[in-house]
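Since the structure comes first, as C-alpha cells, the remarks are kept for the end.
What follows draws every value from the coordinates through simple rules; no lab data is involved. These numbers were taken from a predicted model, which means no experiment stands behind them. Positions of Cβ are generated from backbone atoms using ideal geometry, with glycine treated the same way; all protein chains shown enter the neighbour counts.
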Amino acid sequence: MLRAKELLNLLVFLVLAFQCVRSLNPSLNDDVLGLIVFKADLQDPMRKLSSWNQDDDTPCNWFGVKCNPRSNRVAELTLDGLSLSGRIGRGLLQLQFLHKLSLSRNNLTGSINPNLTRLENLRIIDLSENSLSGTISEDFFMECAALRDLSLANNKFSGKIPGSLSSCASLASINLSSNQFTGSLPAGIWGLNGLRSLDLSGNLLDGEIPKGIEVLNNLRRINLSKNRFNGEVPNGIGSCLLLRSVDFSENMLSGHIPDTMQKLGLCDYLSLSSNMFTGEVPNWIGELNRLETLDLSGNRFSGQVPISIGKLQLLKVLNLSANGLSGNLPESMANCGNLLALDFSQNLLSGDLPTWIFGSRLEKVLHLENKLSGKFSSAPKLQFLDLSHNDFSGKIASSIGVLSSLQFLNLSKNSLFGPVPGTFGDLKELDILDLSDNKLNGSIPTEIGGAFALKELRLERNSLSGQIPDSIGNCSSLMTL
C-alpha cells in the first residue's frame, strides 16, 4: 500500500513539475513526461527502460525511442520482445508527434485506450502477441485518418469488429488474427480502397462474407481462415487482380469455386481447405500459373484431377487430400518440376503410381487410402513418404537405401512380399519405419541396426521369422517396436 502511495506522489510531483516547466517553455518535456508516466504502469524485468530518466531534457537517447532529427520530438517507440507486463497507460497520449508505436511480443494486459488513434501523426500500431483483452470501442476507429498499419494479432480481444473501422481511410494493413472476435464481418470494410493486406484469421467470425470486395483494387493478401464463415465465396473476388495470397481455409464455405478467380493471375498462394466446396476441381486452375501453393484438401470435390494442373510449373505444394477424387494421377504433372510436397491421400485414385513422382524434387509424398499400384523408385531428396493403404505389391527393392534424406516411411497395408532389405540400415536419418500389414517374410536383417535414429519400427502382421537381431540395440531412441 505504501508503495502505491509513493508512486502516486511521484506522479503528482511529475505533473506539477511539468506544469511549472511548461509555463516557461510550453513544448519542453512533453515527451519526457509522457514516457515516464507510461513507464510507471509497466514492470520491466529485463531493466531495458533503466535509461529512462525523468531528469533528462530529452528522451531521444533513451532505449527504444527514436526522435525526428528536425523537431527533436519522439517519432517512434519500439519495445518489442522485452517481457514487459502491466498496462498501456495514458502517458502515450502526450506523444503528439508519435509516428510508430510497436509493443509486440510482451506480456501486456488490460484494454486498449480508445483515444490512442487520436494522435494525429500516428501511422503504425503494433500491439501483437500480448495478453490484451476486452472489446474494441467504436471510438477507437472514429479519428484515425492517418493510421496506415494496425496489428492487434495474438491477443484476447473479444466482441464485434467495430463498423467504424471503415473510417480509417488510409489503412493499408489490418491484422486482427488470433483473437476472439465474434459476429459478422462489417460490410464497410470493403470501403477501405487502399487496403493491401487483411488478416482476420483465427477468430469466431460468422455469417456470409459480404459482397463488395471487388472495389479493393490494391488488395494483395486476404486471410479469413479459421473462422465460421458460411455461404459462397463472393464472385467479386476475381476483380482483385493484384491478389497474391488467398486463404479461406477452415470455415464452412460451400458451393463451387467462383469462376472469376481464374483472373487472379498473380496469385501464388491459394488455400480453400477444410470447407464444404463441391463439384470438380475447375480446369481453369491451370491458368493460375504463378501458384506455388494450392490446398483444396478436406472438401467434397469429385471427378478427376484436372490435366491442366500440369501447367503450374512453379507449384511447390499441392494438397488435394480428403476429397472424392477418382481416376489416375495425370502424367501432365511431370511438368511441375518444382514440387516439394504432394498429398492426394484419402481419395479414390487408382492406377499406377506415375514415374514422374520420383524424378521430381519432392521432399514429401502422401498417398494414404487410395487404390494406387505399380512400383516406386528412388528420389534422393525425399524426406517423407507415405504409400500406405494402397494396392502395391512385389518386393521392396534394395535400392531403398539410396533415399538418404528419408525421415518417415510408411508402406503399411499393401501387398508387399519378400524379405526386408538390409539396406534400410543405410537410412541414417529415418525416424519412423512402418512396414506392417503386408506379406513380408524371412528374418529381420541385422543391418537394420544401422538406422540408429529410429524412434518407431513397425513390422507386425507379416510372416517374418527368426530372432530379433541384437543390433536393434544401436537404435537408442527407439520407443516403439
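Would you work out the charge dipole size for the chain about its Cα centre, treating the Cβ of every Lys and Arg as +1 and the Cβ of every Asp and Glu as -1, and quote it to the nearest 20 debye?
Working: 42 positive and 46 negative charges, 124 e Å.
Dipole size: approximately 600 debye.
Can you tell me how region 90-208 classifies by the Cα gyration tensor, rounded, prolate or oblate, using a/c under 1.5 as the rounded cut?
oblate
What residues from region 200-215 fall in the zone where the backbone N is under 20 Å from a label point 7 Å along the Cα-to-C-beta line of T135?
Once the point is set 7 Å along Cα→Cβ of T135, 203-207 turn out to lie under 20 Å by backbone N, inside region 200-215.
Considering the dipole of region 268-391 built from charges on the beta carbon (Lys and Arg +1, Asp and Glu -1) around the Cα centre, which of L382, M276, N370 is farthest to its positive end?
Positive-end residue among those listed: L382.
Hey, can you grab everything whose amide H is under 5 Å from the amide H of T135? Only 5+ residues off in sequence or another chain; H modelled, so Pro and N-termini drop out.
Under 5 Å from the amide H of T135 lie the amide H atoms of S158, each far enough along the sequence or on another chain.
In nm, what is the difference between 0.36 nm times the number of residues separating S71 and W284 and their Cα-Cα distance?
71.1 nm
Cα gyration tensor of region 259-412, axes a ≥ b ≥ c as square roots of the eigenvalues: rounded (a/c below 1.5), prolate (a/b > b/c) or oblate?
Details: a/c = 2.06, a/b = 1.52, b/c = 1.36.
Judged from the Cα gyration tensor, region 259-412 comes out prolate (a/c at least 1.5, a/b above b/c).
Once you put a point 7 Å from the Cα of T355 and another 7 Å from the Cα of M252, both along the Cβ direction, what distance in nm separates them?
4.9
Starting from the Cα of S476, step 7 Å along the direction of its Cβ; do the same at S111; then give the gap between the two resulting points in nm.
5.7
Tell me the angle of helix 2-24 to the major Cα principal axis of the chain, expressed in degrees between 0 and 90 and rounded to the nearest ten.
The angle comes out near 60 degrees.
Using Cα positions and a limit of under 18 Å, work out the lysines in reach of K455, with same-chain residues fewer than 8 apart set aside.
Within the straight-line cut-off, K455 pairs with K428.
Long-range amide H contacts for Q54: which residues qualify at under 5 Å (H placed 1.01 Å from N, peptide plane, sequence gap of 5 or more or a different chain)?
The answer is none.
Among V281, V74, V215, which comes first, then next, by fewest other beta-carbon atoms within 10 Å?
Result, fewest neighbours first: V215, V281, V74.
Give me the distance in nm between label points sitting 7 Å out from Cα along the Cα-to-Cβ direction at N217 and S399, one decimal.
With each label point 7 Å from Cα toward Cβ, the separation is 5.7 nm.
Quick one: which residues, 5 or more positions from G442 or on another chain, have an amide H under 5 Å from its amide H? H modelled 1.01 Å from N in the peptide plane, none for Pro or chain starts.
Those lying under 5 Å, H to H, from G442 are S465.
Determine which aspartates and glutamates satisfy two conditions relative to K48: a Cα distance under 12 Å, and not lying fewer than 8 residues away in the same chain.
D80
Number of Lys pairs in region 268-391 with C-alpha atoms less than 21 angstrom apart, excluding same-chain neighbours closer than eight positions?
Number of lysine pairs found: 5.
Among residues other than S167 whose Cβ falls under 10 Å from its Cβ, what is the net charge (Lys/Arg +1, Asp/Glu -1)?
Result for the local shell: -2.
So, counting K/R as plus one and D/E as minus one, what does the shell of residues with Cβ under 9 Å around P421 add up to?
0
Under a cut-off of 16 Å between alpha-carbon atoms, report the aspartates and glutamates in cross-link reach of K226, not counting same-chain residues fewer than 8 places apart.
Filter leaves D199, D206, E208, D247, E250, D295.
Determine the sum of side-chain charges near L242: Lys and Arg each +1, Asp and Glu each -1, restricted to other residues whose C-beta is under 14 angstrom from that of L242.
On the way: positive: R196, R220, R221, R244, K263, R290; negative: E214, D268.
Charge balance in the 14 Å sphere: +4.
For Cα extents along the principal axes in Å, one of (i) 78, 61, 46; (ii) 107, 67, 44; (iii) 95, 56, 38 was computed from the structure I shared and the rest are decoys. Which label?
Among (i) 78, 61, 46; (ii) 107, 67, 44; (iii) 95, 56, 38, the one calculated here is (iii).
Among DSSP beta bridges whose residues both lie in the chain, state the antiparallel percentage, nearest 5.
Of the beta bridges lying entirely in the chain, close to 5 percent run antiparallel.
What's the center-to-center distance, using Cα atoms, between region 139-183 and region 369-436 in Å?
Using only Cα atoms, the two centres lie 50 Å from each other.
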